[in-house]
Amino acid sequence: MEIQVGRIIRSSTTRFAVGCRVLRPEVPVFGSLVKVPVLDDEVYGLIYDVCMEDDPYVRQIAVQEEVRAEHIEDQRRNRQVPIEVGVLVVGYRRGGTIVHRLPPQPPTSLDVLYTCTGEGLVEFTRRFDYFRLVLDNRDLPADELLAANLRYAAEARSDGQAFLVDAGRELARLLNMDLVRLDGLLRRLRDWA
Amino acid sequence: MTLELNKVTPQIDHMGHVLAGRAAHQGKVLPAARALLAAFADRQAELCLVAESEPGQRLRCASPGDERLDVAYAPPALPAEVTIVAADGSQIYPDRHGIAFYYAINTGSIVFRHGSGQAPEVRTEPRLCYADDELYPGGAPVSGDLVSAERTLAEMRALAQVTLAEPPAGPPRVALGDGPLLIWLQRANLPQGRQERILADYLDCLDRLRLGRATVSGFVSRPHSAEVIALLYLAQLKLAARQQVKSLAETDYRGLTDRALFGYLSPGERSALFVRGTAANLDFRDRGHTIHFFYLNTGSDLARVEVPEWVARDPDRLGLAHAAVYDQCRCNNGYPYVLTRADELAVILGEEREALEGMIMQAMARHGLSLPELSRKAQQKQAARWRRRR
Amino acid sequence: MQDHSELDEFFAHRPPAPEAVAEVRRLGIVVSGSLSKGLGVKLDRGAVVEGMAVGRYVVVHGQTGRRFFSIITDVALDATNPALEKTPPDTSDPFLSQVYQGTATFGRLEVSPMLVLDPSTGSEPEAGEPKPVKTVPAHFSPVYEATEEDVNRVFGAGDERHFYVGNPLDMENVRVHLNLERLVERSSGVFGKSGTGKTFLTRTLLAGIVKQDTAVNLVFDMHNEYGWESQAEGRHRVKGLRQLFPGKVSVMTLDPESSRRRGSKVDFEVHIGYDQIEPEDVDMLSNLMSLTDVQINALYFLRRRLGKAWIEKLLAEGEAGEEGGPSELDMLLEDGQLHGGTLGAIQRKLGLFRRFDFLRPRVHEDVVGKIMDYLDRGLHVILEFGRYGSTLEAYILVANYLTRRIHGRYVQRMEAALGSRTDEPKPLVITIEEAHKFLDPAIARQTIFGTIARELRKYNVTLLIVDQRPSGIDEEVMSQIGTRVTALLDNEADIRAVFTGVSGAGELRQVLARLDTQQQALILGHAVPMPVVVQTRTYGPELYAEVGHVEGEALQDRLTRNVNLLQGDQEFEGFE
């Protein structure tokens, strides 16, 4: 079941931003896998940020003693558009093959972003080569992001526990020179495991 | 940075001195003015005569209504559900150095359903003006004043249209405009007949609102007018002395405003009703829309609220306007929420204007216009813009 | 059934199972190493460190298809990041420990490549022969547990040249075979401190040689353990070689009374005449009998002067005193050619011979010729010492006496064979116990046993020495011992002695010191392609059956069946 998240408003090879109108319970969700059809390919990414920008007016309303329901609805529905969703590119599909590398071309503006759950999520997370594309982003909450993503991937499987152990082992291999980080990441996985 | 602050420092110091002096002076005359208000509080007939007299007309004195003048009127309760409509406009003035000679008017409107908990409905209506009769009305190039007048009219039209689209059987409707309801069009700067037509259209809108049984008002923030001060000043003078007064600025009451006079109002309270003393009000009076006003403590400031005669004379609708405006101000730092939003909707930001002109450029190029057609200045701007776009 | 056929179709289309290799347990990959120091192996996650054991076999699958047959020499723990040792993760958490094991922390093996197995081509029969290692496998070559097939390729299948001696540790189904031809090609040794089963090992080896008919044996059976049944330590009786190989093994005895008591069937009583003993035979006993150099020289002198009956004369002199006038000895003393004290000492010391009943003044039969006759007929000879086994002097005297002469005959025969192309005599293996008494560094150079050990197979005679103190054996002799079968040794000098002349002995030393006290042995040398630790096979019914022995009850069964068969129309099964 694919749910439309929003449309691309800004894009580059490594990251892109998507605008969407309102927050719904199922989208956009931090750490979830998403995909954008680009010509014949699909570009995959992880939602690493959901951002609502402030402005002086919202700040002013926020500190009012009494905030009317109509004002809140007005601010949310009419003024705060779009909600900006940050997506980190983690791979693409060409033909039938999923590649955990950066795509040759980024998606273009107003392309539609869909969620990628169930089978699609299981297929993408069958290998762990995309870990590096996530972990290398020291300006993002990369560990949280990956942990959240792995949780969804585990939930999409019947043998989620074994999956998390495998993923943990890959992480142990990648992060063996940074044991503190590794330990933190593994504990995040454990808490779900 | 071309304002050399070191050079203005001495002037700033002097300015502070002068302002302090003025405040001190007002502090001295304000009690006198308030005493006058109390003294004339129930001498409405007498004051009407003063306002209608030749000096009264010259100083554009306000006329009192029927209410006692020195009383503060508390707002009545606002109905549980009220529909408040606001509209505002903005424009791109015609620019002879621009990429093309055109102007644009953008109006924004908001329908705020007080008490519903729902998000308001918002709408904008942009209009691009480039036809010959729009750009050269009466043969001369369109002026900024005309564009402003057209914008004012567009705001009123939008206000009337959106308000009247609301069902009469629903919650009471309050239409709130940004600025005075009483518009004053400078005949000299407008082409032949244009002033009359704009005014007529404007008054038509008010007619329709009256017919539709809506309440309409205009919100003037931080008014500088002194129509009540002028009235009181004249009234206390001997008849002969009144003739001598050319302007309030020549008197001890210079710099004193009605806003200061009614400073005693507590939040939510309004002053007594007055009638605007401007000559333009005659045109409104002829159509039964004589513009009245009262001062209102919005919670943090004093504003002037203008209403047409048919609202002023209907206690229910007057109370509705009073309560609705105050309620709008109460949760928005003393300024009506709907007007904040209408302004936000209408305003044309610099970048939006650039985007618009970029599109106009493309359209022109598509239709065979070459770049030399653009003025040199425009070309430079364009170059700068393109760099920014990269 | 519809479903069934669909399933069949489904399975039919699957690719064939990737041969048996897939079932072999992979242990890890080669990550470092050298030919001289051995290979470092990083254990796979699935391989349990505690399941590894020093001495076990592994096979490295090299890049070129070669298999490097190797032995585990060390097991270690390692971590990718040294900091992990100082700040261990919270392993009480099952998830964390599951993740860390085999990734950040892992087991490590040191393995020593021993042999290369070339990919078997099938066309050349030699293709499968293990060869010495001359290189190392490439980086990241996978390492597997050695399979039965691998081990069999190395230690040979049980054919006419190979004899099953035991199982590699922890591989009950795999058999280690000894190449018996190579075993008898050079001298070999069975070592181990007392109580470790040297005798059982020896008996097993002898049974193999007899069964495969690789050589003929001459066993100097000090404690009467080889010929007829004897009491094992577990109080049950084990069968002797003669019982297992009736008609192929001949038992001779020095002490017929003892043999009779034990119920041993004896073919021949051995007697040696005084006149047959040469000074050289006595020379061997110089240490035991405390003969000085002067006294030994006197023996040779006396033999020359007194002739063949020299011992008889010496003993008679000591016994009878002044009976029949001045004897030859008195004359020698008078001549001053012999010192009176020396003669007295010699007579006193040789007096010991009187207690040896197998020594007679004169003997008609030729013991050596008799034994040679047996050997020529392919019969194995076991010489029981009976009660004389506890008298080392008797054992050494007889062993030395017989060996010198038989060796002499073999030398003649071999030389004759070279000259006239007559048949070479059948290879002979002479088994001696307490070998360090014969091969002591002080005498090894002069004695016949030292000579045989050094000659290798020149005259088709080799030794099988059984000893508990290998450190007492001359180093040069030790280095000539081709195959060494060693049970537990705990004396450092003995361990060192066993590895004399063996390269890469360091790791093996660890292995040897960790053997169990019973039924475990390290075999190295000529008869095995590489050193191997075995759980030695039990010397018992299974072995009896393998060498063709049929137990009483089983025999009766077989008889009954054969009778039935004869009466029916099926084929006669036979007794052998």
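Throughout, read-outs are computed from the coordinates displayed, never taken from laboratory work. Everything numeric here is computed off the predicted structure, so don't read it as measured data. With ideal geometry, Cβ positions are generated from the backbone for all residues, glycine too; neighbour counts draw on all protein chains shown.
Using every alpha carbon pair in region C:208-290, what percent of pairs falls into each 10 Å bin from 0 up to the bin containing the largest distance?
Going from the shortest bin to the longest, the percentages are 14, 37, 30, 17, 1.
In whole Å, what are the Cα extents of region A:28-134 along the three principal axes, biggest one first?
56, 25, 23
Would you please give the residues with an amide H less than 5 Å from that of B:VAL245, counting only those at least 5 places away or on a separate chain, with H modeled from the backbone geometry?
Amide H neighbours of B:VAL245: none.
Angle, helix B:5-39 long axis vs. longest principal axis of chain B, Cα atoms, 0 to 90°, nearest 10?
That works out to roughly 40 degrees.
How well do other chains shield peptide A:65-74, expressed as the mean number of their Cβ atoms within 10 Å of each residue Cβ?
Numbers: counts 2, 2, 1, 10, 5, 13, 7, 2, 5, 10.
Mean number of neighbouring Cβ atoms from other chains: 6.
Does anyone have the angle between helix A:160-174 and the longest principal axis of chain A? Alpha-carbon axes, 0 to 90°, nearest 10?
80 degrees
On a 0 to 90° scale, report how tilted helix B:350-366 is relative to the longest principal axis of chain B, with both axes built from alpha carbons and the result rounded to the nearest 10.
The angle comes out near 40 degrees.
Only bridges with both residues in the protein assembly as shown count here: give the DSSP antiparallel percent, nearest 5.
Working: 122 of 164 bridges.
Counting DSSP beta bridges with both partners in the protein assembly as shown, the antiparallel share is about 75 percent.
Ignore the peptide's own chain and count Cβ atoms of other chains within 10 Å of each Cβ in C:96-102; give me the average, rounded. Mind showing how you got there, number by number?
Details: counts 9, 0, 9, 14, 8, 2, 2.
Other-chain Cβ atoms within 10 Å of each residue's Cβ, averaged: 6.
Report the residue, chosen from B:LEU231, B:LEU261, B:LEU49, that carries the largest GNM mean-square fluctuation when chain B is represented by alpha-carbon nodes joined by springs under 10 Å.
B:LEU49
In terms of modelled amide H atoms, which long-range or inter-chain residues lie less than 5 Å from the amide H of A:VAL90?
Under 5 Å from the amide H of A:VAL90 lie the amide H atoms of A:TYR44, A:GLY45, A:LEU46, each far enough along the sequence or on another chain.
Could you give each residue of region B:219-225 its phi-based ³J(HN,Hα) in whole Hz, using Karplus coefficients 6.51, -1.76, 1.60 with θ = phi - 60°, and x for Gly or Pro?
10, 10, 7, 6, x, 9, 5
So for chain C, averaging the separation of alpha carbon pairs under 8 Å that are six or more residues apart and normalising by length, what relative contact order in percent results? It would help to have the intermediate numbers written out before the result.
Working: 1003 pairs, mean separation 94.5, N = 576.
Over chain C, the number comes to 16 percent.
How would chain B be classified by its alpha-carbon gyration tensor: rounded, prolate or oblate, with rounded meaning a/c under 1.5 and the a/b versus b/c comparison settling the rest?
Details: a/c = 1.81, a/b = 1.42, b/c = 1.27.
Prolate, because a/c is 1.5 or more and a/b exceeds b/c.
At a Förster radius of 41 Å, what calculated FRET efficiency corresponds to the Cβ-Cβ distance of C:ALA138 and C:GLU476, to the nearest 0.05?
Values: r = 42 Å, r/R0 = 1.01.
Rounded to the nearest 0.05, the efficiency is 0.50.
Less than 30 Å apart at the alpha-carbon level, and either on another chain or at least 8 residues along: which lysines does that give for C:LYS308?
Correct list for C:LYS308: C:LYS349, C:LYS370, C:LYS437.
Anyone know which of A:ARG151, A:ARG127, A:ARG15 comes out most mobile in the 10 Å Cα GNM of chain A?
Comparing A:ARG151, A:ARG127, A:ARG15 in a Gaussian network model of chain A, the most mobile one is A:ARG127.
What residues have an amide H closer than 5 Å to that of C:ASN491, excluding those fewer than 5 places away on the same chain, when H is modeled at 1.01 Å from N in the peptide plane?
Amide H to amide H, under 5 Å and 5 or more residues apart or across chains, C:ASN491 pairs with nothing.
Where does each of B:148-155, C:253-260, C:170-177 land if you order them by average Cβ count within 10 Å, highest first? Provide the component values of the computation, followed by the final result.
On the way: B:148-155: 21.5, C:253-260: 19.2, C:170-177: 17.2.
Top of the packing list down: B:148-155, C:253-260, C:170-177.
Name the residue, out of B:GLU344, B:GLU269, B:GLU196, whose mean-square fluctuation peaks in a Gaussian network model built on chain B with Cα pairs under 10 Å.
Comparing B:GLU344, B:GLU269, B:GLU196 in the GNM, the peak value goes to B:GLU196.
Could you give me the ³J(HN,Hα) list for region B:170-185, computed from phi with Karplus coefficients 6.51, -1.76, 1.60 and θ = phi - 60°, whole Hz, x at Gly and Pro?
Result, ordered by residue: x, x, x, 10, 10, 9, 10, x, 8, x, x, 6, 7, 9, 10, 9 Hz.
Starting from the 7 Å offset along Cα-to-Cβ, what nm value, one decimal, do you get for the label separation of C:ASP330 and B:ASP314?
Calculated label separation equals 17.9 nm.
If I model a spin label at C:THR538 and A:ASP55 as a point 7 Å from the Cα along the Cα→Cβ vector, what separation in nanometres do I get?
9.4 nm
For B:ALA39 and B:HIS17, what does the FRET efficiency come to when R0 = 35 Å and r is the distance between their Cβ atoms, rounded to the nearest 0.05?
Details: r = 34 Å, r/R0 = 0.97.
FRET efficiency, B:ALA39 to B:HIS17: 0.55.
Take peptide C:87-95, look around each residue's Cβ out to 10 angstrom, count Cβ atoms belonging to other protein chains, and average those counts. Please report the intermediate quantities before stating the final value.
On the way: counts 3, 1, 6, 4, 0, 0, 4, 4, 11.
The shielding value for this peptide is 4.
Report Rg (one decimal) and Dmax (nearest whole number) for the protein assembly as shown, counting Cα atoms only, units Å.
Just the Cα atoms of the protein assembly as shown yield Rg and Dmax of 60.6, 202 Å.
Ignoring solvent entirely, what values of log10 I(q)/I(0) come out of the Debye formula for region C:22-84 at 0.15, 0.23 Å⁻¹ when each Cα is a single scatterer?
Taken in order of the listed q values, log10 I(q)/I(0) reads -0.51, -1.17.
What is the calculated FRET efficiency for C:ALA417 to C:VAL363, with r their C-beta to C-beta distance and R₀ = 30 Å, to the nearest 0.05? Each step should come with its number before you reach the end.
Working: r = 30 Å, r/R0 = 0.99.
Calculated transfer efficiency: 0.50.
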